[in-house]
Amino acid sequence: MSLSGFHDTIVAPSTAEGRAALAIVRISGWGAVQIVSKVVSEPEGLWVARSGSSFYTRIHPPSAAGPGEFIDDVVIHVFRAPRSYTGEDLIEITSHGSPVIARQILGALVACGARQAEPGEFSRRAFFNGKIAIEDAELISIKADAHSEAELRGAELAMREKYHRLKKAYDALIALIARVDAEIDFGESDDIEIEDFDERVHEATQSLEALMRESTNRRLNTGFFSVAFTGPPNVGKSSVFNALLNFERSIVSEVPGTTRDYVEAFIEVEGFRVKLIDTAGIRETGESIEARGITLGANAATRADISLRVTDPTDRAPRTQSGNVLLHNKKDLDGWQDALSVSARTGEGMPDLHAWLARELQKKSPELSQIRLSETEMTRLEHVRSRLEEVNAGMEPALLAEDLRNAASELAMLLGENISANSLDYIFSKMCIGK
Ligand SMILES: Nc1nc2c(ncn2[C@@H]2O[C@H](COP(=O)(O)OP(=O)(O)OP(=O)(O)O)[C@@H](O)[C@H]2O)c(=O)[nH]1
Ligand SMILES: [Mg+2]
């Protein structure tokens, strides 16, 4: 019987598929030692291995005809329950980094009785065995998903803030429940006489509402910022786009109307992940495909976090729509000096553009730490909110206590206390297999 009551022994590759020096396959559960011992050339070493120790051996397919037939030379790290990540017996098998080898090792372990792990299952076990808190589990998933340092920092801040606020509302409810219980047991009258009772319930309800509101208002493209280049044909939008990208991604030519579809590419600016969007030059056109491209590009630019209106010597100081920033290109032709003047051709001014972008993104970076609630969290909070709305000091005390308790226990589930297996799925199922 495992420590946690999980009966299966689970296995998964813990490193990404692809070419690398090493690959790790991880197996966890009460049968881990027994299963691995069936496929290694020195099972005795495994039986006596102390927790935290490692040793070198060979892995064979379960049906190997003789010692000559083996999958790979491996290093085995043994972690015994409860001193492991999952709290169960856990073995990490480090092989050479070919996906083929990792798959063969996985296959051998499955053939000997292990089951392929589901996404996040290792962390789920760690959570149930008290090895990690719910916040840690969510953080692991955030780290795995983050594309940039800024996104990681923002997401972590947002997550801490979310738990802080949930905990505050939970503590407020628990304090109220204790008061109601005391009134029921020792109060003089049949009514609840707690100072500011309704206000305090209302306060808790409002803080949860604020949390839900903020999460609903969050940016659609969480995790990165987008920067669009707009303007008439031929001013050099694609040229600036390519220059920032350091790569000829978008076609450049002296023919106006070169870019038809909008083109997107990612770059990193000082730890921020940025999506650059090159759009079709805006002009009157009788051609329906070009017109469609112009509309699509204009829409993409409207959605972008920063929209740069590109100019050239034929088009200086144009009227800008509000929110647009002027980026003067081709300064090599007329020596134009302005806040943002560059030459995509000579590269002059490009470092300034880069630095300007970094500053703008820094200003916008709080947007990356907006709180995000999953569907499950949202639904649960909505339950709590509507329960609390019904609660008031005029209610029958026993009913009141019951309602508060139900609300608090739903909040507790969000905080990982008294948590049911299903309610955890939303966190763990988002993780990759092998975590
Ligand atoms: N002298 C000079 N020429 C440039 C510069 N940047 C771009 N060009 C030239 O300007 C022309 C148009 O450049 P593109 O980048 O294709 O312009 P665009 O705004 O994307 O044009 P459309 O896609 O047609 O809307 C090309 O011939 C480029 O070589 C620059 O900094 N200096
Ligand atoms: Mg173009």
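The values are calculated or read from the model by the stated rules, or taken from the named source; none is laboratory data. None of these values were measured; they are calculated from a predicted model. No Cβ is skipped: glycine too gets one built from the backbone with ideal geometry, and neighbour counts run over all protein chains shown.
Just a few scattered comments:
- Test: residue in segment 195-216 that is crowded, with 17+ Cβ neighbours inside 10 Å, away from ligand 2 (no atom under 12 Å from the Cβ), aromatic (Phe, Trp, Tyr) and over 27 Å from the mean Cα position of the chain (by Cα): yes
- Hits in segment 221-242 - residues which are within 22 Å of HIS147 (Cα to Cα) and either within 13 Å of ligand 2 (Cβ to nearest atom) or aromatic (Phe, Trp, Tyr) (or both): PHE224, PHE225, ALA228, PHE241, ASN242
- Looking only at segment 221-249, residues that are free of Cβ contacts under 8 Å to residues at least 40 places away in the same chain and surrounded by 23 or more Cβ atoms within 10 Å (Cβ to Cβ) come to 1 in all.
- The single condition among (1) closer than 20 Å to GLY97 by Cβ; (2) modelled with pLDDT of 90 or more that PHE79 does not satisfy is (1).
- Here the condition is being modelled with pLDDT of 90 or more and on the phi > 0 side of the Ramachandran plot; of GLY349, GLY335, it holds for GLY349 alone.
- Residue within segment 270-278 that is out of contact with any Phe, Trp or Tyr (no Cβ under 6 Å at 6 or more places or on another chain) and either within 16 Å of ligand 2 (Cβ to nearest atom) or among the aliphatic types (A, V, I, L, M) (or both) present: no
- Index of the failed condition, GLN104 passing every other in (1) touching a residue at least 60 places away in the same chain (Cβ under 8 Å); (2) within 25 Å of THR57 (Cα to Cα): (1)
- Among residues of segment 157-182 that are farther than 15 Å from PHE197 by Cα and among the basic types (Lys, Arg), those with a Cβ under 7 angstrom from a residue that is modelled with pLDDT under 85 and not in a helix (DSSP H, G or I), sequence gap 6+ or separate chain, pair up as LYS162/ILE371; LYS167/LEU415.
- The strands (runs of 3 or more DSSP E) found entirely in segment 236-336 that carry 2 or more residues being within 13 Å of ligand 1 (Cβ to nearest atom) and of a type in the set (Val, Ile, Thr) are 306-311.
- GLU375 being within 30 Å of ARG153 (Cβ to Cβ) and either more than 36 Å from the chain's Cα centre (by Cα) or more than 16 Å from ligand 2 (Cβ to nearest atom) (or both): yes
- Any chance ILE174 is surrounded by fewer than 21 Cβ atoms within 10 Å (Cβ to Cβ), modelled with pLDDT under 80 and of a type outside the set (Asp, Glu): no
- Residue in segment 113-120 that is buried (at least 20 other Cβ atoms within 10 Å of the Cβ), in a helix (DSSP H, G or I) and on the phi < 0 side of the Ramachandran plot present: no
- There is at least one residue in segment 88-106 that is closer than 30 Å to ALA412 by Cβ, touching a Leu at 6+ places or on another chain (Cβ under 9 Å), crowded, with 21+ Cβ neighbours inside 10 Å and not basic (Lys, Arg).
- Just one of the numbered conditions (1) more than 25 Å from THR205 (Cα to Cα); (2) of a type in the set (Asp, Glu); (3) part of a helix (DSSP H, G or I); (4) touching a residue at least 60 places away in the same chain (Cβ under 8 Å) is not true of ASP185: (4).
- Checking every residue in segment 46-64 against the condition of being of a type in the set (S, T, N, Q), assigned to a loop (DSSP other than H, G, I, E, B), surrounded by fewer than 15 Cβ atoms within 10 Å (Cβ to Cβ) and within 35 Å of the chain's Cα centre (by Cα) gives at least one match.
- Total residues in segment 279-297, condition more than 29 Å from the chain's Cα centre (by Cα), in contact (Cβ under 8 Å) with a residue 24 or more places away in the chain and more than 10 Å from ligand 2 (Cβ to nearest atom): 6
- Filter pass, SER307 being among the hydroxyl-bearing types (Ser, Thr, Tyr), modelled with pLDDT under 95, crowded, with 21+ Cβ neighbours inside 10 Å and out of contact with any Pro (no Cβ under 6 Å at 6 or more places or on another chain): yes
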